[in-house]
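Asker: Here's a structure for you.
Quick note: the coordinates plus some simple rules give every number you see, no bench work behind them. Since this is a predicted model, take the numbers as computed values, not measurements. So basically every Cβ, Gly included, is an ideal-geometry build from the backbone, and we count neighbours across all protein chains shown.
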Amino acid sequence: VIIWYHDESIFYAHDRRHKTWYHKDSPAKPYPKGEGYSFMVADYFSSDFGWLRDPN
């Protein structure tokens with residue numbers, strides 16, 4: 001019996017935090033609302049064989 005595990009991550013376009021200093025007289029800068037486009041990465045792995053790969 002071989003046990004395969006599923007690994008999945010989702011990344012979003014606007015998931016970065018903006019931390020910076022602004023001058024008190026500078027105008028406010030609008031940022032995109034929402035999470036933005038997403039990109040899903042999924043794969044399978046086993047402790048016996050490692051990551052599931054196609055030989056091609």
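Asker: Among (1) 3.5; (2) 7.1; (3) 6.1, find the value of mean projected area of the Cα convex hull in nm² that was calculated from the structure presented, and write down its label.
Answerer: For mean projected area of the Cα convex hull in nm², the calculated option is (2).
Asker: What FRET efficiency comes out for Glu35 versus Asp7 if R0 is 25 angstrom and r is the Cβ-Cβ distance? Round to the nearest 0.05. Write down the numbers at each step before the final one.
Answerer: Working: r = 21 Å, r/R0 = 0.84.
Between Glu35 and Asp7 the formula returns 0.75.
Asker: Something else about it: Find out how many positive minus negative residues lie around Trp4, taking Lys and Arg as positive, Asp and Glu as negative, among other residues whose Cβ is under 11 Å from that of Trp4.
Answerer: Numbers: positive: none; negative: Asp7, Asp43, Asp48.
For residues surrounding Trp4, the net value is -3.
Asker: Report the residue, chosen from Asp15, Asp25, Asp43, that carries the largest GNM mean-square fluctuation when the chain is represented by alpha-carbon nodes joined by springs under 10 Å.
Answerer: It is Asp25.
Asker: I've got another one for you. Relative to the Cα centre, what is the charge dipole magnitude of the chain, using +1 at the beta carbon of each Lys and Arg, -1 at the beta carbon of each Asp and Glu, and rounding to the nearest 20 debye? Write down the numbers at each step before the final one.
Answerer: Numbers: 7 positive and 8 negative charges, 126 e Å.
Computed charge dipole of the chain: roughly 600 debye.
Asker: Rounded to the nearest 0.05, what FRET efficiency is calculated for His14 and Tyr44 with R0 set to 22 Å and r the Cβ-Cβ distance? Can you show the working numbers first?
Answerer: On the way: r = 29 Å, r/R0 = 1.32.
According to the calculation, E is roughly 0.15.
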